[in-house]
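This report refers to the structure that appears directly beneath it.
The values are calculated or read from the model by the stated rules, or taken from the named source; none is laboratory data. Here the structure is a predicted model, which is why all the values come from computation and not from measurement. We place every Cβ from the backbone using ideal geometry, glycine too, and count neighbours over all the protein chains shown. When the accessible area is computed, the model is the full protein with side chains, heavy atoms only, and any ligands, DNA or RNA have been set aside. Shrake-Rupley method; radii C 1.70, N 1.55, O 1.52, S 1.80 Å.
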Amino acid sequence: MLSKWLTAETVNIVNAIDNWQTAIDISAIPLLQNGVISSDYLQAIYHLHENIGPYYVLAPGIAMPHARPEEGVNSLGLSLLLVQQGVNFNSSNNDPVYVITLLAAPDSESHLEIIQNLAALFSNADDMNKIFHAKTCNEILNVIKHY
Amino acid sequence: MKIMAVCGNGLGSSFMVEMNIKKVLQKINQQAEVTHSDLASAMPDAADLFIMTTDLADSASIPSDKLIVLNSIIDIDELEAKLTDYFNTH
């Protein structure tokens, strides 16, 4: 199911990034290009992060930045960025972050199937290790296709 | 008994936690109504127990006896241990 959303276009790998804002910016490029989100969406995520901390860092190495539908979402979408060297999000327990999955939900229901499948993926340590250590997008897509 | 999973805006990660809470409750044979919410709606009277991440708990105004703080929101073993402990002491 995730293969519908995470494709060769929406999955990317970078070696190193200086800071969490740049990581989110790069993870957003595919969704900005295909019109799923507007740049307002990123501002909303930064703003909430500044107010309440890295609320979207879910587990060691994993972040799922997202804001509200009315904050710049045009349609349902998901992208994944692997930062091979990791990047700090100022999370008290879960830094450095390697995988950033930017989620765009146009309402409060249509993304729930994506969330369920992401939860299954994130809680599989073996598969997440494969993604953390991937050298190519194909290696990531080969894991994604099982979810 | 009402349990509320809380995240930054009540859309994504809190729903992941809600799913895991329901699985754990079934496993440890406890009954509760489980919902998810954003931080702004998570007022102390809104539920009997709140579950959120460490990064969020610093910004929340929930008394510690009504709060379970998770390091990882996808680690169901951590959740089970902390929920079991909560039911044993309440």
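Yes or no, residue by residue, for (1) in contact with a strand residue (DSSP E or B) (Cβ under 9 Å, 6 or more places away or on another chain); (2) within 11 Å of chain B (Cβ to nearest Cβ); (3) buried (at least 19 other Cβ atoms within 10 Å of the Cβ):
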residue: A:Gly61; (1), (2), (3): yes, yes, yes
residue: A:His66; (1), (2), (3): yes, yes, yes
residue: A:Gly77; (1), (2), (3): yes, no, yes
residue: A:Pro96; (1), (2), (3): yes, no, no
residue: A:Leu102; (1), (2), (3): yes, yes, yes
residue: A:Asn142; (1), (2), (3): no, no, no
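Residue-level check: of (1) touching a residue at least 40 places away in the same chain (Cβ under 8 Å); (2) within 11 Å of another protein chain (Cβ to nearest Cβ), B:Phe87 misses just (2).
Looking only at residues in segment B:31-64 that are in a helix (DSSP H, G or I) and more than 22 Å from A:Asn93 (Cα to Cα), which one is farthest from the other protein chains (Cβ to nearest Cβ)?
Looking only at segment B:31-64, we keep the residues that are in a helix (DSSP H, G or I), and these are B:39-41, B:44-46, B:54-57, B:64.
Cutting the leftovers down to more than 22 Å from A:Asn93 (Cα to Cα) gives us B:40-41, B:44-46.
Values: B:Ala40: 9, B:Ser41: 13, B:Pro44: 17, B:Asp45: 20, B:Ala46: 17 Å.
Among those that are in a helix (DSSP H, G or I) and more than 22 Å from A:Asn93 (Cα to Cα), it is B:Asp45.
Open to solvent by 10 Å² or more (accessible area, probe 1.4 Å), without any contact (Cβ under 8 Å) to a residue 24 or more places away in the chain and out of contact with any helix residue (DSSP H, G or I) (no Cβ under 7 Å at 6 or more places or on another chain), is that true of B:Glu78? Criteria met by B:Glu78. Taking segment A:1-114 as the region of interest, the strands (runs of 3 or more DSSP E) fully inside it that hold 3 or more residues being touching a Gly at 6+ places or on another chain (Cβ under 8 Å) and not hydroxyl-bearing (Ser, Thr, Tyr) are A:97-104. When B:Gly10 is tested against (1) on the phi < 0 side of the Ramachandran plot; (2) within 11 Å of chain A (Cβ to nearest Cβ); (3) crowded, with 19+ Cβ neighbours inside 10 Å; (4) assigned to a loop (DSSP other than H, G, I, E, B), only condition (1) is not met. Look at segment B:26-41: where a residue is modelled with pLDDT under 90 and a partner is among the hydroxyl-bearing types (Ser, Thr, Tyr), sitting 6+ places away or on another chain with Cβ atoms under 7 Å, you get B:Leu39/B:Ser59.
Only residues that are within 24 Å of A:Ile131 (Cβ to Cβ) and of a type in the set (Asp, Glu) were counted across segment A:64-97, and they come to 1.
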